[in-house]
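Encoded as structure tokens, the structure appears first; notes follow it.
The values are calculated or read from the model by the stated rules, or taken from the named source; none is laboratory data. All values derive from a computational prediction rather than experimental measurement. Ideal geometry is used to build each Cβ from the backbone, glycine not excepted, and the neighbour counts take in all protein chains shown.
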């Protein structure tokens, strides 16, 4: 006898609402999770978590549901609304809430949602093992693969995260007696801390719910309070952009960075606007867009206050743009310029932006650029030095640097050392679900093919295969 599906709680959050809609469409079509999974090539465990509201749905999963179930774009539009930060009150109440427990077996018309352009409808590329043994990228959900690798650690902390950073409607925030702005500021700090420990796939839904709460609070606030809320909306939107950037969903990352830039202008906070511009340069670098990386970095540096930390941040990201253009001389000059700005810096001690920038950060960015320029031994040495200087709490960054060090070592012909660093990076990828680490590992796997008989290389390849196949 089949197990009765878990009851849904569609009005717990917009994410739960979307999951209930996806299940309603599936059951209305008479499809089990397994049957639909075979049709759209997604992992059933991931699909079940999304339907329960326990994990955010990727744009490609929603599109696959919509196409396979003939939803006519309604699921895609609903997903876009969730990404936009829609509140529960803004969702059709008669849609999921009034359906009986077995309504999915009947012929119920599902209401259309307002037309909203999804910020990311492209499938994310993810690594899988092909028949000939290579790791290749196919269009599946990144979160379904690597995100689930770290699910054990994330689930273990889920109750703590939910308790510390659960979203609150405007009425609850006000009725609590605490300052809602202070609560939102504290929540953001909790989310950032948990993101670094457990990865973005667990944090994104709550970040988006906080953005929705901020938009509600803005309705009846004026003056200083409203400006602070707009600053918070900027900060949360930038955080959401960073989380999607780490997942490798660059379209969604761009969307949220645009949201952040717009909110920063409304807040009238020039320093925050400058920081967002610098971050957009970093995103362009991750997207291998050298022109955008350089131009936006220069715009940010021009806006930055003289001798400010943000001027050095912008110059650092612009330097990598020159490396992506394969302009070694300009990249070298740009990094020298960034170091000069750092040396002459007299930052505002009250400013929270770019406080992580120091000589070590510039060095690791330069190592990344050396790899792009083909100096793999120099890059490997730079990453190794950066890893040795990382604070203990920077777990995911350590995994990224380990992955990049491993690729550089492999390209320099140091296969055994590369495999060792790769195994360490894989362990972090399992825990955090970072797409940045996963892509380095997939690249490493291909480079190591020529050394498959070297001691340690086969161990790395076997471990990577096991990690991938666990999600198949």
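Quick notes on this one:
- Failed criterion for residue 374 (all others in (1) at pLDDT below 90; (2) under 22 Å from residue 335 (Cβ atoms) hold): (1)
- Among residues of region 340-377, those that are part of a helix (DSSP H, G or I) and closer than 30 Å to residue 414 by Cβ, counted: 17
- All helices (runs of 4 or more DSSP H) inside region 1-71 with 3 or more residues being surrounded by 16 or more Cβ atoms within 10 Å (Cβ to Cβ) and modelled with pLDDT of 85 or more: 14-28, 44-52, 59-69
- Test: residue 251 is closer than 26 Å to residue 400 by Cα and either touching a strand residue (DSSP E or B) at 6+ places or on another chain (Cβ under 8 Å) or in contact (Cβ under 8 Å) with a residue 12 or more places away in the chain (or both): yes
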